[in-house]
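One structure below.
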Amino acid sequence: MLLCTILFLIGTMAPPFWGNDIIQDKLDYLDAMDELPFDSYFIGSSRVNHQIDCAIFDKITESHSFNLGCPALSGFETMRLAHLLVDQQYNEESKVKNIFIGMPLLDFNKGKNINTTRGSYFYDSAAFITSVKNLASKDITFKRKLEKISFQFSIALKNTFKLGSFADLVGSFFQGDTKQKFKRFERSRGYIPLVVGEENSSGLQRRTDFLKDTTILRVRLNEAKMYVAKRKNLDEKNEFLFKEITALINKAKNKGINVYVVLFPKSNGVIYKKAMNVFAELDPAHTINLAKPGKYKDFYFSKFSYDKAHLNKRGSEKMTRALADEFMLIQSGQ
């Protein structure tokens, strides 16, 4: 019981995203401004962080946007960050009009990702509660639900009390030397393209593996045709996820903010299988589908690809223009 209480207190008292230094740095950068000039924000994983060029988007839409993407951002983090923006809790001067989120899945981290540094911080107490509610809504036996919830709780405890977690927690209350951290956001506004020769070791390895066999792009294209275009063999609709996203859209709308759910190209077929029955039933005025294998086939070509899952700088610029065009169509009522 004591451990449960400590876990809850850490999750509720700690700064949001205390273990996610990329998101925390971006929020600190925004919070340090006397007046925020941004009216549009992009939230999601590396598909947002590396693929949405704010300057291009703004030129087409006459917006002033900021990229709040982060590699490996979970669906729980995506939803929480969107709610923070809607509630404008991180900065009193916020003038949010539009929030674009990558289609979130509320899946608990599995396999090798559980033991990664990022995996350690995917879930605070709020995310854990959301995850439990999601599991409770599934059509599985009570015993199976209890097993899954117990597993998640054990991982949450392990990650909270593992070596280094408390040091990171304490450090999150102090920004340190912000000048150097913030400098990289001044021009790019959070956008970090994947450029050959400038990647880190893991990015270089992903690209090296991709260049050995680029036929994976054909596999991804065929999966998009099956699950996105034809909508065949999809997983059962996650009603809980549908309600959570719909509630976010409606909450934002009541505050004069529009939330748009974006389906990105080149995802693993498993993601499309889980996502499409939810995505397809959301209000079309709040969805943007960039994974259409017919209309956006170019995104599955190697000349626009950095690796099997991400676009290169050229591809990212092309996709940003497509996103802006889709947004303008919604704005015009078409």
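The values are calculated or read from the model by the stated rules, or taken from the named source; none is laboratory data. Everything numeric in this text was worked out from a predicted model, so none of it was measured. Positions of Cβ are backbone-derived with ideal geometry, glycine not excepted, and every protein chain shown enters the neighbour counts.
A few remarks follow.
- When N233 is tested against the conditions (1) in contact (Cβ under 8 Å) with a residue 60 or more places away in the chain; (2) loosely packed, with under 13 Cβ neighbours inside 10 Å; (3) of a type outside the set (A, V, I, L, M, F, W, C), the lone failure is (1).
For (1) more than 24 Å from the chain's Cα centre (by Cα); (2) crowded, with 17+ Cβ neighbours inside 10 Å; (3) modelled with pLDDT of 80 or more, each residue gets a yes or a no:
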| residue | (1), (2), (3) |
| --- | --- |
| L2 | yes, no, no |
| G11 | no, yes, no |
| P16 | no, yes, no |
| D21 | no, yes, no |
| L27 | no, yes, yes |
| L36 | no, yes, no |
| S40 | no, yes, yes |
| G44 | no, yes, yes |
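- Qualifying residue in region 98-117 (condition: part of a loop (DSSP other than H, G, I, E, B), more than 19 Å from N250 (Cα to Cα), of a type in the set (S, T, Y) and modelled with pLDDT of 80 or more): no
- Residue-level check: of (1) buried (at least 18 other Cβ atoms within 10 Å of the Cβ); (2) touching a residue at least 60 places away in the same chain (Cβ under 8 Å), L290 misses just (2).
- For P193: the one exception among (1) modelled with pLDDT under 85; (2) part of a loop (DSSP other than H, G, I, E, B); (3) in contact with a Lys or Arg (Cβ under 8 Å, 6 or more places away or on another chain): (1)
- When A285 is tested against (1) over 18 Å from the mean Cα position of the chain (by Cα); (2) within 19 Å of A229 (Cβ to Cβ); (3) among the small types (G, A, S), just one condition goes unmet, and that condition is (2).
- Region 214-230: number of residues that are farther than 18 Å from S302 by Cβ and without any contact (Cβ under 8 Å) to a residue 24 or more places away in the chain: 1
- Residues that are assigned to a helix (DSSP H, G or I), free of Cβ contacts under 8 Å to residues at least 60 places away in the same chain and out of contact with any Pro (no Cβ under 7 Å at 6 or more places or on another chain) within region 61-81 comprise just one, F76.
- Pairing residues of region 294-319 that are farther than 20 Å from V219 by Cβ with residues that are assigned to a helix (DSSP H, G or I), at Cβ distances under 7 Å and at least 6 apart in sequence or on separate chains, gives R314/F304; E317/I56; K318/D298; K318/F304.
- The one condition from (1) in a loop (DSSP other than H, G, I, E, B); (2) modelled with pLDDT of 85 or more that V48 does not meet is (1).
- Residues located in region 297-316, provided they are surrounded by fewer than 18 Cβ atoms within 10 Å (Cβ to Cβ) and of a type outside the set (A, V, I, L, M, F, W, C): K297, D298, S302, K303, K313, R314
- Taking each residue of region 247-265 that is small (G, A, S) and surrounded by 21 or more Cβ atoms within 10 Å (Cβ to Cβ) and looking for partners that are at pLDDT 95 or above and not in a helix (DSSP H, G or I) with beta-carbon atoms closer than 7 Å, six or more apart or interchain, yields A252/I99; A252/N258; A252/V259.
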